[in-house]
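Encoded as structure tokens, the structure appears first; notes follow it.
The values are calculated or read from the model by the stated rules, or taken from the named source; none is laboratory data. No experiment lies behind these values; they were computed from the predicted model shown. A quick note on method: Cβ atoms are made from the backbone with ideal geometry, for glycine too, and the neighbour counts reach across all protein chains shown. Surface areas here come from the heavy atoms of the whole protein model, side chains and all, with no ligands, DNA or RNA. Shrake-Rupley method; radii C 1.70, N 1.55, O 1.52, S 1.80 Å.
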Amino acid sequence: MEQTRSGFSGKLGFVLAAAGSAVGLGNIWRFPYLAAKYGGGVFLLVYILLAVTFGFALMVAEIALGRKAQLSAVSAFSKLNRKFSFLGYLASIVPMIILPYYSVIGGWVTKYLVAFCTGNMSAAAQDGYFNNYISSTGEPILYFAVFLGLTALIVLLGVEKGIEKVSKIMMPVLVVLSLGVAVYSVCLPGALDGVIYYIKPDFSHFSVTTVLAAMGQLFYSMSLAMGVMITYGSYMKKDVNIESATRQISLFDTGIAFFSGLMIIPAVFSFSGGDQSALGQGPGLMFVTLPKVFETFPGGTVIGAVFFLLVLFAALTSSISLMETVVSIFIDKFGWKRKITCFAVLLGSVVLGLLSTLGYGVWAEVKIIGMQFLDFFDFISNSVIMPIVALITCIFVGYVIKPQTVIDEVETEGARFKSKKLFVVMIKYIAPIFIVLILISSVLNALGIMKI
Ligand code: PHE
């Protein structure tokens with residue numbers, strides 16, 4: 001099996017592809033609305049602190065596990081310790097749940113891009129446009145299918161030809177585009193207050209909720225706790241330095257999230273005329289606010305189109321990694337052919353994705369523990385399974401195979417693991433305690449006992 005495993009051609013290819021997985025809707029759509037809602041600068045500070053400690057340790061662990069085992073999540077855990085094969089299965093459920101609904105949101109982005117490109121910006125800026133759109137039937141299904149189909153096509157081309165080539169082009173474009181839009185946004189009249197709100201920590205906004213929200217965002221944004229980085233690690237060459245690759249990936253991920261906040265939050269300040277209630281609006285922030293914002297720009301149609309193109313790029317590289325993870329699980333486990341596997345995963349995702357799309361429309365009445373399908377899938381993966389997987393991964397690395405196993409893998413071919421101490425303390429003590437806190441609070445929150 002090992003000699004047929006294709007791989008990334010080098011460090012740059014690996015870093016760009018892994019960064020392509022990490023940078024996605026989580027950075028551009030989710031991070032800004034969370035930062036806006038949970039106190040701006042304080043949230044940003046907490047997030048960055050967590051990213052360089054906890055996120056770093058978990059990512060190093062996952063990539064090292066994958067490279068050591070040379071297998072994707074399911075098989076990797078059972079190869080390292082038979083008793084832990086259940087962890088691989090648990091982890092691999094997450095991308096199977098996320099891929100379909102991620103593609104539904106990717107479909108919304110595609111729709112906005114098309115709307116801007118066809119000169120329908122003003123319509124998109126109308127009140128109720130977003131809600132009307134997501135609750136209709138035909139178009140959201142069409143755009144969901146387009147997004148998912150594109151993802152499947154790239155995955156079908158295989159690791160080197162598909163994912164790496166696409167990432168090599170998309171990621172640098174993404175950085176340049178997001179920088180440009182962020183600079184534009186910061187220079188808008190009245191945007192300075194937004195910049196201050198976003199960058200200057202105001203500790204009166206600090207609460208446990210800030211930490212919990214930042215923590216949940218960290219898993220999602222860095223594609224952790226779901227086997228993605230294990231799979232990518234298995235494609236990584238032995239001479240690539242895991243530690244510095246991880247540093248670069250998290251820098252990329254956090255950087256894009258930071259610029260996304262800078263694109264959106266100051267703009268909200270600038271165009272809301274001092275009314276900051278828009279900051280707390282949640283998931284709709286990007287879709288509802290930005291078209292209104294772009295509409296008042298000179299040349300807003302073009303800027304808006306560029307922006308949604310950027311979001312689409314980022315979402316695609318992430319959905320590619322989700323699908324690749326699922327596909328490689330089936331290939332490794334059952335020895336299926338790539339083509340057939342892609343097709344099967346595509347079919348399964350269409351079915352699950354349809355539930356999510358229709359759940360906002362004709363099936364709005366159908367609720368699972370009070371949530372619509374999409375929200376339920378998001379909740380069960382991000383707030384329940386991922387923290388559990390992360391927790392057991394920490395226990396697995398910290399106490400079963402021991403941190404030394406990961407350290408040895410990082411230090412192959414003479415590399416030195418500079419943050420070894422930080423890694424051990426994080427994996428054995430700090431991370432598990434944090435995760436237990438998140439888990440408890442997210443469950444209490446869902447049950448309505450505690451409002452986050
Ligand atoms: N990390 C991606 C983002 O920020 C989402 C993602 C989650 C991708 C899980 C792959 C796996 O949007």
Measuring from the longest principal axis of the C-alpha atoms of the chain, the long axis of helix 11-22 (C-alpha) lies at a number of degrees, nearest 10, equal to 50 degrees
Å³ per residue enclosed by the Cα convex hull of the range 239-317
115 Å³
Rounded to the nearest 10 Å², the 1.4 Å probe accessible area of THR53 is 40 Å²
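Taking 8 Å as the Cα distance limit and 6 or more residues as the minimum spacing, I'd like the relative contact order of the range 58-134 as a percentage. Can you show the working numbers first?
Working: 39 pairs, mean separation 10.9, N = 77.
Reported as a whole number, the value is 14 percent.
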Solvent-accessible heavy-atom area per residue, rounded to whole Å², over the range 8-103 at 1.4 Å:
23 Å²
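Please report, in debye to the nearest 20, how large the charge dipole of the range 11-446 is about its Cα centre when each Lys and Arg carries +1 at its beta carbon and each Asp and Glu carries -1 there. Don't skip to the answer; put the middle values down first.
Details: 28 positive and 21 negative charges, 276 e Å.
So the dipole magnitude of the range 11-446 works out to roughly 1320 debye.
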Expressed as a rounded percentage, what relative contact order does the chain have, with Cα pairs under 8 Å and six or more residues apart?
33 percent
Under 21 Å Cα to Cα from LYS79, which lysines show up? Leave out anything in the same chain fewer than 8 places away.
LYS68, LYS237, LYS238, LYS333, LYS402
Report, ordered by chain and residue number, the lysines lying within cross-link reach of LYS337, taken as a straight Cα distance under 19 Å and ignoring same-chain residues fewer than 8 apart.
LYS161
Per-residue HN-Hα couplings for the range 402-415 [Karplus 6.51, -1.76, 1.60; θ = phi - 60°; Hz; x = Gly/Pro]:
6, x, 4, 4, 5, 4, 4, 5, 5, 8, 5, 6, x, 5
Take ALA344 and VAL384, extend 7 Å from each Cα along the Cα→Cβ direction, and tell me the distance between the two endpoints in nm.
2.6 nm
Taking the Cα atoms only, what angle lies between the long axis of helix 208-221 and the longest principal axis of the chain, rounded to 10 degrees?
70 degrees
Karplus 3J(HN,Hα) series, Hz, for the range 247-262 with 6.51 cos²θ - 1.76 cosθ + 1.60 (x for Gly, Pro)
4, 5, 5, 5, 5, 4, 5, 5, x, 5, 4, 4, 5, 5, x, 5
So what are the ³J(HN,Hα) numbers for the range 47-52, from phi and the Karplus equation (6.51, -1.76, 1.60; θ = phi - 60°), rounded to whole Hz, Gly and Pro as x?
4, 5, 4, 5, 5, 7
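Starting from the Kirkwood radius over alpha-carbon pairs of the range 3-95, derive D by Stokes-Einstein at 37 °C in a medium of 0.692 mPa s and give it in µm² s⁻¹.
Numbers: Rh = 15.7 Å.
Using the Kirkwood radius from Cα pairs, D works out to 210 µm²/s.
Report, in deg cm²/dmol and to the nearest 500, the calculated mean residue ellipticity at 222 nm for the chain, where each DSSP H run with n ≥ 4 adds -39500 (n - 2.57) and the sum is divided by the residue count.
On the way: 22 runs with 305 residues, N = 452.
When only DSSP H runs of four or more count, the value is -21500 deg cm²/dmol.
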Given the protein chains as shown and a 1.4 Å probe, how many square angstrom of LYS238 are accessible, to the nearest 10?
80 Å²
What would the Debye equation give as log₁₀ I(q)/I(0) for the range 298-452 at q = 0.08, 0.10, 0.15, 0.19 Å⁻¹, counting only Cα atoms as equal point scatterers?
-0.41, -0.64, -1.17, -1.21
Ignoring ligands, DNA and RNA, what percent of the 1.4 Å accessible area of the range 11-446 is carbon and sulfur?
69 percent
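Could you tell me the relative contact order of the range 68-182? Use alpha-carbon pairs under 8 Å, at least six residues apart, and round to a whole percent. List each step's numbers first, then the result.
Numbers: 70 pairs, mean separation 20.9, N = 115.
Normalised by residue count, the contact order of the range 68-182 is 18 percent.
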In Å and on Cα atoms, what radius of gyration and Dmax does the chain show?
20.9, 61
How far is helix 300-334 tilted, in degrees, relative to the longest principal axis of the Cα atoms in the chain, given as a value from 0 to 90 rounded to the nearest 10?
30 degrees
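Give, rounded to the nearest 20 debye, the magnitude of the charge dipole that the range 1-115 has about its Cα centre when Lys and Arg contribute +1 at Cβ and Asp and Glu contribute -1 at Cβ.
Working: 10 positive and 2 negative charges, 39 e Å.
In total the dipole reaches around 180 debye.
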